[in-house]
Structures are given as structure tokens and as C-alpha cells.
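*Asks:* Take a look at the following structure, please.
Bear in mind that the values in this text are calculations on the coordinates, not laboratory data. Keep in mind the model is a prediction, meaning the values are calculated, not measured. Methodologically, a virtual Cβ is constructed for each residue, glycine included, from the backbone with ideal geometry; neighbour enumeration extends over all protein chains shown.
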Amino acid sequence: MTEPAPQPAPTGGPHVTHTPDELRGALADAGRVALVPTMGALHGGHRSLMRLARERADTVVVSIFVNPLQFGPGEDLDRYPRDLPGDTGLCAEEGVDVVFAPTAETMYPLPQMITVDAGAMGERLEGASRPGHFTGVLTVVAKLFDLVRPDSAVFGAKDAQQIALVRRMVADLNMPVEIVGAPTLRDPDGLASSSRNVYLSGAERASALSLSRALTAGRSAAADGPDAVRAAARNVLDEAAGAEPPVELDYLALVDPATFADAPADHEGEAVLAVAARVGTTRLIDNVSVTL
Ligand code: AMP
């Protein structure tokens with residue numbers, strides 16, 4: 001996908017709310033509601049989600065909340081980029097009706113005792129590297145669904161394991177929300193758009209391009225089976241490990257999209273080729289789907 005062009009801002013802009021009461025007021029007579037949950041520092045990837053939401057709803061709600069529950073000790077919670085005025089302007093350009101930007105104290109008035117267990121799928125890949133991450137994600141998504149009561153919610157394929165887990169939560173817990181997937185938006189050089197890309201220096205960004213190159217190389221080997229896909233991607237990443245600055249691989253995995261368990265050597269059909277790596281102090285993730 002290429003970057004959607006910004007739209008002229010409609011007059012007025014979104015109704016910006018910070019508390020459940022304000023949100024409820026803004027959602028009176030909302031008709032069909034679509035929710036786009038985000039952590040802010042909005043970019044073209046978020047825009048593409050808002051456009052999918054716009055297509056299917058009378059009222060588009062964008063939540064902006066850097067959720068402490070999904071960050072582990074030593075992660076980038078404190079330095080995560082925050083820009084509510086800029087985000088509100090982008091939402092205005094996209095015709096978003098309501099922004100919900102609560103504080104952590106509003107979302108978690110008590111220490112959270114009851115949480116959503118992400119199960120075995122939540123312990124693989126991202127969940128193995130970031131223990132508790134998906135419990136934090138699913139818990140805040142469940143809370144947002146309860147606050148906003150959306151008919152649909154849009155999530156990006158960029159976070160493939162996250163959307164798979166949200167789909168499973170909605171199915172397993174009978175939540176009346178349609179989950180809509182949006183393809184990964186990439187910058188023109190191939191890097192997946194991400195709020196965290198602002199952390200990268202020019203040299204780090206050049207090294208980081210090996211992630212998308214590895215995924216493309218892996219996908220090109222699909223005709224030769226899962227092991228060939230993994231080997232082709234690993235070749236690119238092995239080389240990137242020696243680049244300056246180096247790409248420090250966290251994981252490279254080819255997995256079943258329904259469970260995120262490793263795809264066996266005789267796997268046929270859809271799989272997800274996923275990578276996570278650190279460049280400097282920035283941790284990046286990316287993935288592509290591969291048909292075997
Ligand atoms: P975040 O603000 O990073 O938590 O992301 C909010 C939503 O935007 C999630 O559903 C992400 O998967 C999605 N998203 C983030 N980056 C991209 C991208 N490059 N392309 C498509 N969706 C994205």
C-alpha cells in the first residue's frame with residue numbers, strides 16, 4: 001500500500017473526549033460506530049485504518065491511549081511519542097467524529113486485578129519477548145469495546161499476532177464486534193510505517209530496511225516450502241547483523257496464522273512470516289503473509 005494523501009480538514013474537527021462520561025455524551029445518536037484503537041503519534045498507517053472505519057460507520061471513534069498495561073519494565077512507555085494536538089489535526093483531516101484520549105488514571109482507577117488471558121497464542125513470538133504484553137493489549141481492547149460499544153473495530157496487519165488474538169478474543173468471549181483487518185502501510189523505501197520510526201537515525205533506518213527485504217526474500221521462496229522461506233529470510237538478516245549499525249535479531253518465524261505456532265515443514269496454505277529486531281535502541285516488528 002502507498003501513503004494515502006491527506007484530505008482537507010472539515011470544519012470543526014473531532015469531538016475530543018477524555019472520560020467515559022464525555023465519550024458517552026459524544027456517542028448519543030451515533031448510529032453505526034466504528035472504532036480505531038491507537039496509541040497516538042498518528043501516521044499514514046493509522047489514516048488507512050480510519051478510512052476503512054469511515055466506509056462502514058456513521059460515527060468513527062479513534063482512541064488514543066498509550067496503555068501502560070502492555071509495556072514491560074525497561075520498555076519505551078515513558079519515551080513513547082505523544083502529540084495530541086497533531087493527532088487531533090490528523091483525525092480532523094480524516095473526518096473522524098470522536099477522539100477518546102483518556103489518562104491512565106481514568107482507564108485504571110484501581111490497580112487492574114481482572115485481566116484477559118491471551119492463552120498459548122499470547123505467549124509466542126511477541127508474547128515470548130514481551131511477557132504480559134498481550135494480556136495488556138487484550139485487556140485494554142476489551143475495556144475500549146465496553147466503553148465505545150462499536151459495531152466494528154479496525155486493526156492493522158502490521159501487528160499480525162495482535163489482530164489474530166483480538167479476533168480470537170471476540171470469538172471466544174462472544175463480543176458483538178466485527179473485526180476489520182487493514183493491510184500494512186509501508187513508507188516508499190519499504191519500511192513498515194510505525195510511530196517508533198521517529199526514533200531511528202538515518203543510518204539506523206538504512207539498516208532497518210533489511211527487515212522488509214528479508215520478508216520479501218522469504219516470500220519469494222514460497223514455492224520451495226517453509227524451510228526455504230525461513231532460510232531465504234535468514235540470509236538477509238545474517239548479513240544485516242554485520243551491518244553498521246547492526247540489526248540485532250529477536251526472532252524470525254514462519255507461523256500458522258490461526259495459532260502463531262511454527263509452521264511445520266509440510267505446511268500448506270497461508271502462513272505468516274514475522275520478524276522482530278532491534279536497531280540501536282529501537283525495537284521494530286514486521287510481517288508478511290506467505291502462501292505455501
Ligand atoms: P499503534 O498506535 O501502533 O498501537 O497502532 C494502532 C493500530 O494501527 C494497530 O491496529 C496497528 O496494527 C495499526 N498500524 C500501525 N502501523 C500500521 C501500518 N504501517 N499499517 C497498517 N496498520 C498499522
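*Asks:* Could you work out the Rg to Rh ratio of region 15-182, with Rh taken as the Kirkwood radius (inverse of the mean 1/r over all Cα pairs)?
*Replies:* Numbers: Rg = 15.0 Å, Rh = 16.1 Å.
Rg divided by Rh gives 0.93.
*Asks:* Give me a comma-separated list of calculated 3J(HN,Hα) values for region 261-275, in order, Karplus coefficients 6.51, -1.76, 1.60 applied at θ = phi - 60°, integers in Hz, x for any Gly or Pro.
*Replies:* Each residue's phi maps through the Karplus curve to give 7, 3, 6, x, 4, 9, 4, 10, x, 6, 9, 10, 9, 10, 9 Hz.
*Asks:* Can you tell me the FRET efficiency between ARG56 and VAL198 if r is taken as the Cβ-Cβ distance and R0 is 41 Å, rounded to the nearest 0.05?
*Replies:* Rounded to the nearest 0.05, the efficiency is 0.85.
*Asks:* Just subtract the alpha-carbon distance of GLU105 and ASP250 from 0.36 nm times their residue separation and send over the number in nm, one decimal.
*Replies:* Details: separation 145, 0.36 × 145 = 52.20 nm, distance 3.28 nm.
Taking GLU105 through ASP250 to full extension adds about 48.9 nm, to one decimal.
*Asks:* State the extension gain, in nm to one decimal, for the chain segment bounded by ASP146 and ASP29, taking 0.36 nm per residue of separation less the distance between their alpha-carbons.
*Replies:* Details: separation 117, 0.36 × 117 = 42.12 nm, distance 1.71 nm.
Fully extending the segment from ASP146 to ASP29 adds 40.4 nm.
*Asks:* Turning to a different aspect of this structure: How far, in nm, would the chain grow between THR291 and ALA243 when pulled straight, counting 0.36 nm per residue and subtracting the alpha carbon separation? Before the final figure, lay out the partial values.
*Replies:* Working: separation 48, 0.36 × 48 = 17.28 nm, distance 3.01 nm.
Full-extension gain reported as 14.3 nm.
*Asks:* Could you work out the equivalent-ellipsoid semi-axes for the chain, taking the square root of 5 times each eigenvalue of the Cα gyration tensor, largest first, in whole Å?
*Replies:* 32, 21, 19
*Asks:* Further question: Sum -39500 (n - 2.57) across every DSSP H segment of at least 4 residues in the chain, then divide by the residue count to get the 222 nm mean residue ellipticity, nearest 500. Display every interim value, and only then the final one.
*Replies:* Values: 9 runs with 101 residues, N = 292.
Roughly -10500 deg cm²/dmol at 222 nm, from the helical runs in the chain.
*Asks:* Over all distinct Cα pairs, what is the inverse of the mean 1/r for region 195-291, reported as the Kirkwood hydrodynamic radius in Å?
*Replies:* Value: 13.5 Å, from the Cα pair sum.
*Asks:* Determine, for ILE114, ILE163, the number of other Cβ atoms within 10 Å of each Cβ, and report the residues in order from fewest to most. Show your work: numbers first, answer last.
*Replies:* Working: ILE114 7, ILE163 20.
Lowest to highest Cβ neighbour count: ILE114, ILE163.
*Asks:* Say R0 is 41 Å: what FRET efficiency, to the nearest 0.05, do ARG278 and GLU22 get from their beta-carbon distance? Could you put the intermediate results ahead of the total?
*Replies:* Working: r = 39 Å, r/R0 = 0.95.
Using R0 = 41 Å, I get an efficiency of 0.60.
*Asks:* Okay, next question. Show the residues, 5+ positions off or on another chain, whose built amide H is closer than 5 Å to the amide H of ASP97.
*Replies:* VAL60
*Asks:* Okay, next question. How do PHE100, PHE65 rank when sorted from fewest to most other Cβ atoms within 10 Å of their own Cβ? All intermediate terms of the calculation are to be shown ahead of the outcome.
*Replies:* Working: PHE100 26, PHE65 19.
Fewest to most other Cβ atoms nearby, the residues stand as PHE65, PHE100.
*Asks:* May I pose another question? Which whole-angstrom value gives the distance between the alpha carbon centres of region 18-78 and region 90-149?
*Replies:* 10 Å
*Asks:* Next question, about the same structure. Quick one: GLU239, GLU126, fewest Cβ neighbours within 10 Å first, how do they rank?
*Replies:* Starting with the residue having the fewest Cβ neighbours, the order is GLU239, GLU126.
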